[in-house]
Structure formats: C-alpha cells, structure tokens
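Chemist: Here's a structure for you.
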Amino acid sequence: MRKSTILILALAVLLAGSASAQAENTGQMIFPGTDWIETTPEAQGVDSTKLNAAISYLESQSGCDGVREMVVIRNGYMIWKGDNVDYMHRTWSIGKVFTSTVLGLLIDDGECTLDDLASNYESILSPLYSGVTIRHLATMMSGYDAVGGPRWENPVPESGDWSPTPYIPDAPLFSPGTEYCYWDEAMMVFGRVLTIIADQDILYFLKDRITDHIGMGSWDWDIEGSVNGIPIRLGAGHVWTTARQLARFGHLFLNHGNWNGTQLISTDWVNQAIQNHVPTDIPVYGNIDGRGVYGYHWWLNGIRADGTRLFADAPIGTFYRSGWPRQRMFIIPEWNMVIVRIGVDNRKTDLPADPRACWNTVLKMVGEAVTIENPTCQDVIDNGLLITGDISGPDGTPDCYVNLYDIAALACNWLYCNNPQDSECNFSY
C-alpha cells in the first residue's frame, strides 16, 4: 500500500507540473496569475549578458530613476526587473491608451462607432465642432482647442495647450481631419465624450471589463471635472500605476486582447488600434509629428513623413506608448516581449537627450540578445534547462513535456527498482 501511495503522489506531482514545464522551457506564451513567474533570460531564449548590456546602456542615458522601474517580459515570464517596480505614480500620457481602450470596448458593445459625430453625444461641441467625429478624437486630428492659455507656469514653447477650462470650446485650430495636432485639450474633451457614452465612471468601466481580469489590482486615474454627476477621468492620461502592473496591460495587447483564453476586447479593435491612421501628406500643428506612426493613441514603428522608419533597428511590428518625462511601454510581437520603463526622474526631461535614438539603440541591443526566436526542445536540452520530471518521450528520450510518457517510464522503473536500499538499484526517484 505504501509503495502504491508514493507512486500515486509522484504521478500527481508530475501531472501538476506538466502545464508549466513545456511553457517555461520552450517559449510557449503564458499569463501571470497573482504575480509574474520569474525566470532566467536564457530559459526564454535571451542572452542575459547582452540583455544586461542593453539595460545598462539605457540606464546610462536615463534620468535619476534609471532602470529601477523597468521590467522585461518574454512569453509571459518576467526575465528582468528593477528594484522599484512596485512604486506607483502618474504615468502621464501612457494613460492615453487606457482612454482609447475604453473607446474600443464601447465600439465592441455597439454603443458608438468611429464615424459618429462627437456632437451627437456632447452638445458643447456644436456649432464650432459639429464636424468632428469620434475617429478624429481617436487620432489627434479633431482641431479642438479650448478657451484660455496653458495652466502651467512654464508651458511648452509656442503651445497654448492645457487650458484650465478644457470643456469650453474656442475656435478650431484647423478643420477636422486636415492636420495632425498632439493636443491634450482634445484628449480631455474625448474623455468627456466617452464618459457620456459609457454613462459611468470610465475608470470602473475599465476595471470591470479589463484590468480586474488581467490582475492589475489597485490603480487610479486623475479626474478632470464631471458631467451628468459622473467624474470625468483625464482623457489625456495621468493613470497611476506601477511598472509591474503596466506590463500586464502591455501583455494583453501583445496577445491581441485575449487573456489566457478569454477575449476581453476584440482582436479587430486591437488590430485597428495599432495600425497607422494619420496620413503622411497632411500638415502638423505643433512640434510632435505623428504622421505615418500614430494609431488610436498607440505609437507605431511605421514610416514617417520623411520616409524613414521610426525605429530603424527594431522589428516592424513594434508599437508603444510614451509618457512624460521619458516613460515608455513597448510591445514587440516578433519577440513575444513587453518592455516597460517608467519613472518621474525628478520631473526632468533632459535625459535621454534624444529618446528616439536612445530607444532605437536599446531595441537593437535587445534584438541581439534574443538568441532563440522560438526555442525548440533541442535548444532547451542544449542549454541544460530540461525540467527534472521530463525523463521520456515518444522515442524514449526527453521531449520537453512532462506527460504520460514520463509517467509510464516512472512506473516501469518503479516496478523494476523500488527499494532505495538495494545497492543494485540505480533508478533515481
């Protein structure tokens, strides 16, 4: 009886480990539970020495927070993290993709369409902005401007953005759809329109539909006024979160809106959101150019108006979101990877001096660290990463799965040799 009990327990342990064994050792995508599973870069086909070199370079080019709030996720595993990844603060414009995700959910629900007139939902947009559509607000091409100058003491030069009265329309900057203008007042009115359409606080709408399901836990979103008695979350961003939490949001979009088998937001929306929607042949109002590289508030590694790719040395499918002062969340589908680097850097914006060039170099170096695009079982064996319970396979050799072949091999060996005190028993169990 005792031998049978031990055998049954051993088999149970093997079966329990079978699901994660293949994933951890061969690059199969997984999803975090309560926390991310941490593993070595090598276990996910990444050279740790080269990855550390890329991160050290980024640290040398960054502000005072360096890479303390940085995580690297591959195949759903955390393969690198800084020592302050649980520090929560504003992520500024990174939150714009939270706003656009609310739009995606509302479109999925049939509550609105991209071509609906925004004034159909919010009357303050008539008559000055009667031609502005939801699509215009989702692509920074609405031309919206508000009464009043910037609320900041030291505004961006020649910028009238960030009025303290963002919901009092002023004359348009341009006719909708004719120019591109990265303008936060337009994002604030966008947040107001989405709140009216949702008819609820969009923070709790997003928590209920997305972030609670992906395990983000507690996070917050700044408020900018109210409408119909409902708080308006700041459409321009200002989500309070951590690097560890934000990586989950990126992992959701890496997986086309699907979280461990559950489609939380449609694949169609995700695919639309990460495609360029800003023509390269229109003028730019202001000093931020999104032509050819801007989706529904995601930045893309597309071809800019000058004919160059945004990040020449990064995979074409790369998309990301940025936030002041130098915060970034990158999703690289070709590598099954999410990279988050956030930090307030004492509110300094001087490092990196050239963020585009800096991140191009970082992504190039990370690409050189990706030694195995899709690790095979032989790669796993060659790197000495085989899980202990994998002792057999269809041909009698390890196959990088813990499955019935291993159970059968264990049972056979157990019957042959089940006395550890027998000097002739060489089977390790």
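Chemist: Of all helices (runs of 4 or more DSSP H) completely enclosed by the range 325-429, which ones contain at least 1 residues that are modelled with pLDDT of 85 or more?
Modeler: Values: elements: 355-369, 377-382, 404-416.
By residue number, 355-369.
Chemist: Just checking, how many residues over the range 264-319 are among the small types (Gly, Ala, Ser) and loosely packed, with under 15 Cβ neighbours inside 10 Å?
Modeler: 3
Chemist: Restrict the check to the range 40-49 and report whether at least one residue is on the phi < 0 side of the Ramachandran plot, surrounded by fewer than 16 Cβ atoms within 10 Å (Cβ to Cβ), of a type in the set (Gly, Ala, Ser) and in a helix (DSSP H, G or I).
Modeler: Among the residues of the range 40-49, at least one is on the phi < 0 side of the Ramachandran plot, surrounded by fewer than 16 Cβ atoms within 10 Å (Cβ to Cβ), of a type in the set (Gly, Ala, Ser) and in a helix (DSSP H, G or I), which makes the answer yes.
Chemist: Another one. Determine, yes or no, whether Asp170 is buried (at least 16 other Cβ atoms within 10 Å of the Cβ) and on the phi < 0 side of the Ramachandran plot.
Modeler: no
Chemist: Next question, about the same structure. Considering only residues that are assigned to a strand (DSSP E or B) and in contact (Cβ under 8 Å) with a residue 12 or more places away in the chain, look in the range 214-224 and name the one that is surrounded by the most Cβ atoms within 10 Å (Cβ to Cβ).
Modeler: The selected residue is Trp221.
Chemist: How about the range 172-191: which of its residues are under 30 Å from the mean Cα position of the chain (by Cα) and among the aliphatic types (A, V, I, L, M)?
Modeler: Ala186, Met187, Met188, Val189
Chemist: Please determine, by comparing only the residues of the range 225-234 that are surrounded by fewer than 19 Cβ atoms within 10 Å (Cβ to Cβ) and in contact with a strand residue (DSSP E or B) (Cβ under 9 Å, 6 or more places away or on another chain), which one is nearest to Asp201 (Cα to Cα). Can you show your working first?
Modeler: Kept after step one, since they are surrounded by fewer than 19 Cβ atoms within 10 Å (Cβ to Cβ), are these residues of the range 225-234: 225-231.
Now restrict to residues that are in contact with a strand residue (DSSP E or B) (Cβ under 9 Å, 6 or more places away or on another chain): 225-226, 231.
Details: Gly225: 12, Ser226: 9, Pro231: 6 Å.
Only one residue tops the list, namely Pro231.
Chemist: OK, next. Any residue at all in the range 284-294 that is among the acidic types (Asp, Glu) and in contact with a Gly (Cβ under 7 Å, 6 or more places away or on another chain)? Spell out how you get there, then give the answer.
Modeler: Our first condition is that a residue be among the acidic types (Asp, Glu); within the range 284-294, this holds for 289.
Retained after the next criterion (residues that are in contact with a Gly (Cβ under 7 Å, 6 or more places away or on another chain)): none.
No, the range 284-294 has no match at all.
Chemist: Okay, moving on. Could you check, for the range 101-120, whether at least one of its residues is of a type in the set (Ser, Thr, Tyr), at pLDDT 95 or above, surrounded by 23 or more Cβ atoms within 10 Å (Cβ to Cβ) and within 22 Å of Tyr320 (Cβ to Cβ)?
Modeler: yes
Chemist: A follow-up question, please. Out of Phe174, Phe205, Phe190, I need the residue that is within 23 Å of Leu264 (Cβ to Cβ), in contact (Cβ under 8 Å) with a residue 12 or more places away in the chain and in contact with a Gly (Cβ under 8 Å, 6 or more places away or on another chain). Which one? Reasoning before the result, please.
Modeler: Working: Phe174 fails: within 23 Å of Leu264 (Cβ to Cβ); Phe205 fails: in contact with a Gly (Cβ under 8 Å, 6 or more places away or on another chain).
Result of the check over Phe174, Phe205, Phe190: Phe190.
The values are calculated or read from the model by the stated rules, or taken from the named source; none is laboratory data. Values in this document were obtained by computation on a predicted structure and should not be read as measured data. Counting neighbours? That spans all protein chains shown, and the Cβs are built from the backbone with ideal geometry, glycine included.
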